[in-house]
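Reviewing the structure listed below.
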């Protein structure tokens, strides 16, 4: 696999560190594209790659192209805009890593086949340090034979991965992962907020949580940041709102009512309305804690 040329679209918190990881593992990072010229040029200089002026240029110089963009609209733009990745894409494999609707992954697989290309989902769990260190958890959707061909490269990026099914299925799983995570985050924030109002020692409360049914992965990763009001952004509340919205849309189509997910979505949407969309998701605590940072 290390003879393949690898391109990246979207050089934010995750994309840039995934590119660094593959470079460290001996892969050739060929072409880079980002809406920020400064970000693109800096990473190209760092990795010895080409800062491509057009999306189609990344396809032209790459065998495999990773896309790590914000939402469905961004995916529509990079694949179906006037300048797009599908131009002269025969033989190219696109690996799409953002949390998006299942429908767009199915559309990309279908449209890729029309131009002689392939498309896989590689939905990511974990965050920036894991992307940099090759310790992501990946959920893969699409053609299983295509996945098996490039699995050694994905293994270099991850501590574990799961092939979950046809195109769209990884997006469904990832939406549920983030929905449950977001609910847990909001629940922890409310529990700590109530504990503070009761005058409890919050560090001791977290210790008790950890030994009871209140324990969670979110307790391990976010409680300290909530207590310290440290919201350095690893996963923004704006993205949390988007991802919970994807899950609720799936539920609505199936006629299901998910009141906890809906309430949590409302919390994150409130964060965005208040201009706190770029807070880390744990910043939802600021809606709950007495003495919060000017939020009402």
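Among the residues of the range 1-17, count how many are in a loop (DSSP other than H, G, I, E, B) and either more than 12 Å from residue 32 (Cα to Cα) or free of Cβ contacts under 8 Å to residues at least 24 places away in the same chain (or both). Steps first, please.
Filtering the range 1-17 down to residues in a loop (DSSP other than H, G, I, E, B) leaves 1-4, 10-14.
Next, only the ones that are either more than 12 Å from residue 32 (Cα to Cα) or free of Cβ contacts under 8 Å to residues at least 24 places away in the same chain (or both) stay: 1-4, 13-14.
Qualifying residue count, the range 1-17: 6.
So how many residues does the range 72-97 have that are surrounded by fewer than 19 Cβ atoms within 10 Å (Cβ to Cβ), under 19 Å from residue 167 (Cα atoms) and out of contact with any helix residue (DSSP H, G or I) (no Cβ under 6 Å at 6 or more places or on another chain)? Before you say what the answer is, go through the steps one by one.
Quick first cut of the range 72-97, residues surrounded by fewer than 19 Cβ atoms within 10 Å (Cβ to Cβ) only: 72-74, 76-77, 80-84, 87-88, 90-91.
Now drop any that are not under 19 Å from residue 167 (Cα atoms), which leaves 72-74, 76, 80, 91.
Going one step further and asking which of them are out of contact with any helix residue (DSSP H, G or I) (no Cβ under 6 Å at 6 or more places or on another chain), we end up with 73-74, 76, 80, 91.
Number of matching residues: 5.
If a residue has to be under 14 Å from the mean Cα position of the chain (by Cα) and either in contact (Cβ under 8 Å) with a residue 60 or more places away in the chain or in the same structural domain as residue 130 (by TED's automatic domain parsing) (or both) to count, how many in the range 234-259 make the cut?
Total satisfying the criteria: 8.
Across the range 137-153, which residue is nearest to residue 8 (Cα to Cα) among those that are touching a residue at least 40 places away in the same chain (Cβ under 8 Å) and surrounded by 15 or more Cβ atoms within 10 Å (Cβ to Cβ)?
Applying the first criterion (touching a residue at least 40 places away in the same chain (Cβ under 8 Å)) to the range 137-153 yields 146, 150, 152-153.
From what's left, surrounded by 15 or more Cβ atoms within 10 Å (Cβ to Cβ): 146, 150, 153.
Working: 146: 19, 150: 16, 153: 14 Å.
Checked the range 137-153; the qualifying residue nearest to residue 8 (Cα to Cα) is 153.
Starting from residues that are assigned to a helix (DSSP H, G or I) and in contact with a helix residue (DSSP H, G or I) (Cβ under 7 Å, 6 or more places away or on another chain), keep the ones in the range 98-110 and report whichever is farthest from residue 9 (Cα to Cα).
Within the range 98-110, the subset assigned to a helix (DSSP H, G or I) is 102-110.
Next, from what is left, pick out any that are in contact with a helix residue (DSSP H, G or I) (Cβ under 7 Å, 6 or more places away or on another chain): 102, 104-105, 108.
Numbers: 102: 20, 104: 17, 105: 16, 108: 15 Å.
Taking the candidates together, the pick is 102.
Residues checked against (1) at pLDDT below 95; (2) buried (at least 16 other Cβ atoms within 10 Å of the Cβ); (3) not in a helix (DSSP H, G or I):
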| site | (1), (2), (3) |
| --- | --- |
| 19 | no, yes, no |
| 23 | no, yes, no |
| 32 | no, yes, yes |
| 41 | no, no, no |
| 44 | no, yes, no |
| 53 | no, no, yes |
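Go through the range 154-165 and give me each residue that's without any contact (Cβ under 8 Å) to a residue 60 or more places away in the chain and either part of a helix (DSSP H, G or I) or over 17 Å from residue 21 (Cβ atoms) (or both). Before the answer, list the steps.
Initial filter on the range 154-165 (without any contact (Cβ under 8 Å) to a residue 60 or more places away in the chain): 154-155, 158-165.
Within the range 154-165, 154, 155, 162, 163, 164, 165 meet the criteria.
On the given criteria, is residue 100 at pLDDT below 95 and either surrounded by 18 or more Cβ atoms within 10 Å (Cβ to Cβ) or farther than 22 Å from residue 179 by Cα (or both)? I'd like the intermediate steps shown before the answer.
Values: at pLDDT below 95: yes; either surrounded by 18 or more Cβ atoms within 10 Å (Cβ to Cβ) or farther than 22 Å from residue 179 by Cα (or both): yes.
For residue 100, the condition - at pLDDT below 95 and either surrounded by 18 or more Cβ atoms within 10 Å (Cβ to Cβ) or farther than 22 Å from residue 179 by Cα (or both) - is met.
Can you pull out the residues in the range 1-17 that are at pLDDT 95 or above, on the phi < 0 side of the Ramachandran plot and crowded, with 18+ Cβ neighbours inside 10 Å?
Of everything in the range 1-17, those that are at pLDDT 95 or above, on the phi < 0 side of the Ramachandran plot and crowded, with 18+ Cβ neighbours inside 10 Å turn out to be 6, 7, 8, 9, 11, 15, 16, 17.
The values are calculated or read from the model by the stated rules, or taken from the named source; none is laboratory data. Computed from a predicted model, the values in this text were never measured in an experiment. Ideal geometry is used to build each Cβ from the backbone, glycine not excepted, and the neighbour counts take in all protein chains shown.
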